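In what follows, a structure is listed as C-alpha cells, so that the remarks can point back to it.
What follows draws every value from the coordinates through simple rules; no lab data is involved. Computed from a prediction, not measured in an experiment: that's the story for all the values here. In this analysis, Cβ positions are derived from the backbone assuming ideal geometry, glycine residues included, and neighbour counts consider all displayed protein chains.
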C-alpha cells in the first residue's frame, strides 16, 4: 500500500470515528477535514459515498453558498428540548457498548445461524447504535424520539430472531440490510399509525363542534331541542354516527370538568 492509499484509508477511518460521535451522521465539512493533506479525485469521492452507504452513515443535508464554503444544514430532524435530553442520555448509555465491526458482524451472523444465543445478544446490543441513528432520521414526524427508539429496539430483537429462519438463510441476505429494512418499516408504520390517530381525533373534534352549533341553532329557531333524527338529517349522518359524536362530545366535557376541579353532582 503506497502513501496516498494509506492516507485515504486513514481518512475513511476518521469518517467512521466522527460519525460514531454524532449518531451515525456526518457533514460534508467533516468529510473534507478527514483528508487534510489530500485533494480528492472524483473516483475517491465516489468511493467515499460507497463507504458511507456500506457503513450506514447518513450524510447531513447541505447547500453550497459559494465555491469556497459549504453551509451544513441540520437535516429534517426536529427534536424538542425534552427529546434532545432523552437522546443525549440514551447516547451516553450506549457509549459503553462498542459498535459492531464488519468482521465481527460476519462472524456473529454465522454463530447466530447455528443457534448461538450469546451471538444473538451481542448482535442486538451492537445494533442499538444503528437503531438510534434510524430513529433520529425519522424524528420530527409527530412521534416522540423515545417512542421511535423503543419501537426500533423491539423490532430489532424480533428481526434478528426472524433472520435465523431458514428462508433468510437460504437467500443469503445481508443481516445489516435485513435489520435496517425491518426497523425502518416499523418506524414508518408507527408514524403512519400515530398520524392516523391524530387525524381521527381532529375529525371527531370538528364533528363535535358542528353538532353543538347545529343543536344551538335548532333550539334558537324552533324553541326546542332537536330529535336524534332531525340532527342526523341536518348533519347528513346516520343516527348511530350522530350518537357516536354525542358520546365523544360528552366525554370531552366530562374530562374538562374533572380537570377544572368541578364538584360532583352526587346527592
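In table form, for the structure just shown:
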{"quantity": "Globularity ratio of region 81-192, using Cα Rg and 2.2 N^0.38 Å", "calculated": "1.09"}
{"quantity": "Relative exposure of 213, 164, 130, judged by other C-beta atoms within 10 Å (fewest first)", "calculated": "213, 164, 130"}
